[in-house]
Amino acid sequence: MKRRNKDTCIVISGESGAGKTEASKYIMQYIAAITNPSQRAEVERVKNMLLKSNCVLEAFGNAKTNRNDNSSRFGKYMDINFDFKGDPIGGHINNYLLEKDPVGKVKGVFKCIFQLVKGAPDAQLRSLHIQRDPTAYTYIKVGGQIKVLYHVQIKRDYYGWQAVTDAMKVIGFTTEEIQTVYKILATILHLGNLKFGSDGDVTLIENSKLVSILGDLLSTKDENVEKALLYRTVATGRDVIDKQHTHQEASYGRDALAKAIYERLFCWIVGRINDIIEVKNYDVRVHGKNTVIGVLDIYGFEIFQNNSFEQFCINYCNEKLQQLFIQLVLKQEQEEYQREGIPWKHIDYFNNQIIVDLVEQQHKGIFAVLDEACMNVGKVTDEMLLQALNGKLAKHAHYTSRKLSPTDKNLEFDRDFRIRHYAGDVAYSVVGFIDKNKDTLFQDFKRLLYNSSNPVLKAMWPEGKLSITEVTKRPLTAATLFKNSMISLVENLASKEPYYVRCIKPNEVKSPLLFEHERCKHQVEYLGLLENVRVRRAGFANRQIYPRFLQRYKMISEFTWPNHDLPSDKEAVKRLLQGCGFEHDVAYGKTKVFIRTPRTIFSLEEQRAEMVKRIVLFLQKVWRGTLARMHYRRMRAALIIIRAYRRYKVKSYIREVNQRFKNVRGMKDHGKHVKWPTPPKVLRKFEEIFIQIYFRWWAWTLIKDLSPEQLVQIRAKVATLECLKGQRADLGLQRAWEGNYLVSKKDSPGTASSFTLISSDLQRKDKFMRVLFSCNVRKINRFNKAEDRALLITDRHLYKMDPVKQYKPMKSIPLYNVTGVSISPGKDQLVVFHTKDNRDLIVCLQGMVPAGDSRIGELVGTLLRHLRTVHGRKICVF
């Protein structure tokens, strides 16, 4: 499927008990094991549901028979859908239920019946009115004996019931749906225990308590259940009457109801599973091609002591599948060799088409005679059917009866006929053929179940909504429906590439150690395996048309990769195989190449896998280079666009700034009130620089007309602001700074002249150029003694003077010896001058006029400005 992207199917065949159901389980488990290596959750969910569906269908469709502990009483064809990576994404199940009797009186009891009786919890059994003892139910007994001894295996039944319940939950059945399923099974068991009696001409239900139980389980009224079991509503023209059943008709209706309920239940379960596992929202254009593997597990060839209508249909099904095998493997293959001109010696085989025609041929086949008997007006018996078959098929080589072969004492008069099947002769009893083919269920039962208050049960009987007076077409017979389904199945299988699993049953006693040679030889012969081996051995294992073969393997040869220039595809294939050394193992037909041994195919696949790696690497290299170049071009284009956009944003910003500040020279505040535009991201780091340049220009416009003295004072104030901003409330920035306050008559009206003389003497002595600051202070010594003093700061020294002694200098500190200044944040204007020799000077400025005038800022700013400008150093201010 993955190699050639082709739908395939697996046909599992063999007689009953040969292991077909187990083989299908292994196939499903294998598919689940090798798929989804990436462990995708959705794929795991689908795989789990597909596996669990096997468990549910086996419980409701398999039974224990005389020949098989787990006999399939239904056919199952499952299509598993795979995505383009080969992972399962869903599926679909077609069922071919034939054994509708859940507790068949001859063949066996469906497993789900015993799983319910022996495995369900006590509380659930009480709610269903079911006893734990299987002998309490008539449908499970034959002559007082338990027909299938599942009750011995209590533990297996318990775990089986639990496994089925869990599987239904995993698949997606709701709790209400699961409970309804078990209610239907309980209804069937209770129906079997219904006993009818007679009171004169009136038919009665002897154990009427069961009616109320049935009403509870079916969610309908008790009186409606009783009426449907005892009466039949008949429409005669415009009149509608209730016709009472006879004892025999009531028993027939009860059994028909049990069969019909079970059939609808099984079909509903299959439909519910299909609704859940069906592939949904799959778009080939988005998700790639969807491929299919079909697995067919269907009932095998059966021969019982008493073979009835069911065995006849089962064996017809196996004849159809054998015919498909003959048609595809034995007949078509040999015809293909002759058509392609391959030398071939014909191998004879038995073609069972004659048996298939015996059953399904129009107007002459057994199904046609059976349907004709069912459609005749009046009472038609099974004996009359056998007479009609004898008349139509008297000369057929594969049909006989006691009337046609009087000496054959193994057949009963007016009851049995024998068909010579491909697998052996089988004698069938016609008893019940007509009833089972009609498969009649009174319309009253359909209306009863449709009117149930249980929505699940109601959905199983949609035809129950029809009124009794409505006329409907005659339904197709069971034989016609089964024949049509088999024809459709074979057509479906033929549309795919089939693979076969042949199951051989080694013995009749179900022993794993006994191998009966004659039995196995017989199975090998009738399955056509000997002819198949002869055809395969003399033929070719693989064949492909030349274009397809070349498309798959052309990368192996240099003559065919990437395209050949030879006259035809056939010549190219020859050159390819000659180059690989396989010319001795192949034959060349008109349109196809034939390869004899699988070993050659394996070798070609290995060489192809090796070359595919190289091709993939080459494609990856080319594609990655393409992606890299595309990425580079996109990056380059983006860079050009970004650069152009940045230039545009910068130019726009500069134009906006120019527009806003165009007339700032004529404004009173020189544009200080103008709001700056928001800069583009690329200029945000330069925004502060632009603003600083503007404010420098703005400051320059303010100070350009100042005198040198004013300019020095402004720069001192800037130094003060930079150093003391936020540390003192008043820095004295709003007033004019005089600096030398001791020569001012405001601060020292009587001593100004004395200070002037002393300062002149100091200037001649110490050679200073100018006075930076002078003021009256109060000096505090180390003994906390305060005295009035004067402070003089020149451009070279700091002097402490005594104003009482005409400002006699008491202490002189060179400015280069000052390391720092500490000031207090309060109003006391305390100043500490730190020196290198740790002989700090502590003073408080005082004597200011006006009083309270703050001169701390002026002192610090003047000193900092002078030291930075003249001495080129900074001092610390604390």
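This table checks each residue for (1) open to solvent by less than 10 Å² (accessible area, probe 1.4 Å); (2) out of contact with any Cys (no Cβ under 7 Å at 6 or more places or on another chain); (3) within 19 Å of C9 (Cβ to Cβ); (4) assigned to a helix (DSSP H, G or I).
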residue	(1), (2), (3), (4)
A23	no, no, yes, yes
A33	no, yes, no, yes
E44	no, yes, no, yes
E58	no, yes, no, yes
M78	yes, yes, yes, no
I89	no, yes, yes, no
Any residue at all in segment 654-673 that is surrounded by 11 or more Cβ atoms within 10 Å (Cβ to Cβ) and at pLDDT 85 or above?
yes
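Scan L229, L217, L265 and give me the residue that is of a type outside the set (F, W, Y) and in contact with a Pro (Cβ under 9 Å, 6 or more places away or on another chain).
Numbers: L229 fails: in contact with a Pro (Cβ under 9 Å, 6 or more places away or on another chain); L217 fails: in contact with a Pro (Cβ under 9 Å, 6 or more places away or on another chain).
It is L265.
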Criterion (in contact (Cβ under 8 Å) with a residue 40 or more places away in the chain, surrounded by 15 or more Cβ atoms within 10 Å (Cβ to Cβ) and not hydroxyl-bearing (S, T, Y)) met by exactly one of I205, I213:
I213
Say whether the condition of being open to solvent by less than 40 Å² (accessible area, probe 1.4 Å), in contact (Cβ under 8 Å) with a residue 60 or more places away in the chain, closer than 30 Å to K243 by Cα and in a helix (DSSP H, G or I) is met by at least one residue in segment 418-432.
no
Among the residues of segment 228-277, how many are of a type in the set (A, V, I, L, M), free of Cβ contacts under 8 Å to residues at least 60 places away in the same chain and part of a helix (DSSP H, G or I)?
3
Of all the residues that make up segment 674-685, how many are surrounded by 12 or more Cβ atoms within 10 Å (Cβ to Cβ) and under 27 Å from A644 (Cα atoms)?
6
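The values are calculated or read from the model by the stated rules, or taken from the named source; none is laboratory data. These numbers come from a predicted model, not from an experiment. As a convention, Cβ positions derive from the backbone with ideal geometry for all residues, glycine included, and neighbour counts pool all protein chains shown. Surface areas here come from the heavy atoms of the whole protein model, side chains and all, with no ligands, DNA or RNA. Shrake-Rupley method; radii C 1.70, N 1.55, O 1.52, S 1.80 Å.
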